[in-house]
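Quick notes on the structure that follows.
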Amino acid sequence: MKKVHLVILSLVAVFLVAGCSSNEKAGGNTKEVEIQSDKALKVNWKKVTPIIEKDTGLNIKLIDTADITAYTTNIKQSLSSNTPPDVFTWWTGTQLADLVENDLVADITDEWPDLVKLGISDDLKEAMTFDGKIYGAPLNVIYNGVIYNKAIYDELGLSEPTTLDEFMDNCQKIKDAGITPIGIGGTWQSFVWPMVLMGSLDPELYDQWTSGEVGFDDARVKKVFYYWAEMIEKGYFSEQQQDQGKDLAMKEVAMALNANNWSQGLVEDYGMTLGKDVDIFVLPGVKKEDKKTIFYEISPFVISKKGDKEQALNVIKSYYSKDAQKEFAKKTGGSAITDIEIDNVITNKMLEVAGDSENYTLKLRYYEQFTPEIVNQSIDEYWKIAANPTEKQVDDSLKTIQESWVKVK
């Protein structure tokens, strides 16, 4: 009988221990915070993680997934399970709205003022706010511009363009010199040039388009895509690149539309000096006096509804410390807080113009504006246009996207 009692007591003890372990993870007593990301945090946080761990007394478990499709699938599945990550990186716009609508992420509205006091811009909350509540905190803010090889520009006597026509003239002169004017990366990058061209040709149309006020098959939208198709037909774009940085550094291409912090890779991988070997400008409008449009993206941290909110916020707050931000900026060329000196002249240049509201306007980039299904479908259709830059292909592709958009918007 004693043996039976001992066995029962042993089993109870096992279940109690297991239960305590599980509750610790769910209830906030764990010493570990799991962060999943598609932003290579194991590399970019190599010197940040020790600062946060020392500051908070927590252990940080980083899980990186490079493939965006796999990452998106993994996060959505884990959020529906009982073991989601405490924190994960995501996107703003419809992608975040989808998680909010399904009650999968934590509301941090009450904690937002504390984050602003640590140095993040209060203006950023708009991109992460739904129904008056805030659901994200920035990992960093990224501004897109035309990054160009200065040696090519200098050799050909070119200057940063002040109008769209001047930009096109530069493209033609570069092509005439036997150099591909613009490099374009593979996978998702098919949308970037239609986006920035609309920002230059008709910025108000961009707002109407992304809000659903006008469709993909609207005549004005088609006009922008015809403009892009004509540029492709003239040979202004490369084939899909495997390594944009290498092609730009080796003068295979003269320009690439990319994020300001992408420039950091040109320094680390190819020894380029920012401001001397490579620089950046915002694609100009039709007229010199037109406001230039800067497309930005926020990579937000999001806290799982089932995760440990208190500990997750402690990690995020520690990340906004000056010491952590300086290390992140050294590695990536970007930061989340505004009151910090960054050793990256391209990022500093974009921060300066982004704050010039008289001459520049900020717009959230295309990728975050539509539902994931429409974004993915449109990326595929835009590559069809890139491969066959005719007005018929433009019409067919935009019609296909519009038919899908009508069903989901």
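FYI, it's all coordinate maths here, none of it is from the lab. Keep in mind the model is a prediction, meaning the values are calculated, not measured. When we count neighbours, we look across all protein chains shown, and the Cβ atoms used for this are built from the backbone with ideal geometry, even at glycine.
Each other residue within a Cβ distance under 15 Å of P138 adds +1 if Lys or Arg and -1 if Asp or Glu, for a net charge of -3.
Taking Cα centre as origin and charging only the Cβ of basic (Lys, Arg, +1) and acidic (Asp, Glu, -1) residues, the dipole magnitude of segment 183-290 rounds to 220 debye. Within segment 228-299, the GluC sites (Glu not before Pro) that combine a DSSP coil assignment with at most 14 other C-beta atoms in a 10 angstrom radius are E289. Computed over neighbours whose Cβ is under 14 Å from that of W45, the net charge equals +2, Lys and Arg +1, Asp and Glu -1. Between E32 and N59, the built amide H atoms are under 5 Å apart, and every one of these is 5 or more places off in sequence or on another chain.
Ellipticity at 222 nm from helices only: DSSP H runs of n ≥ 4 in the chain, each -39500 (n - 2.57), divided by the residue count, give -14500 deg cm²/dmol.
Specify the angular offset, from 0 to 90 degrees and rounded to the nearest 10, of the alpha carbon long axis of helix 309-319 from the longest principal axis of the alpha carbons in the chain. For helix 309-319, the angle is close to 50 degrees. All other residues whose Cβ lies under 14 angstrom from that of D396 are scored, Lys and Arg at +1 and Asp and Glu at -1, for a net of -2. A straight line joining the Cα centroids of segment 76-122 and segment 365-409 runs 28 Å. Distance between the C-alpha centres of segment 137-193 and segment 234-296: 5 Å, rounded to the whole angstrom. Once you sort the root eigenvalues of the Cα gyration tensor of segment 141-187 as a ≥ b ≥ c, which label holds: rounded (a/c under 1.5), prolate (a/b larger than b/c) or oblate (the other case)? Judged from the Cα gyration tensor, segment 141-187 comes out prolate (a/c at least 1.5, a/b above b/c).
Considering only N59, N344, N102, the Gaussian network model of the chain with Cα springs below 10 Å gives its largest mean-square fluctuation to N102. For a straight C-alpha distance cut-off of 21 angstrom, the lysines reachable from K276 (same-chain residues fewer than eight places away being disregarded) are K150, K246, K251, K330, K331, K349.
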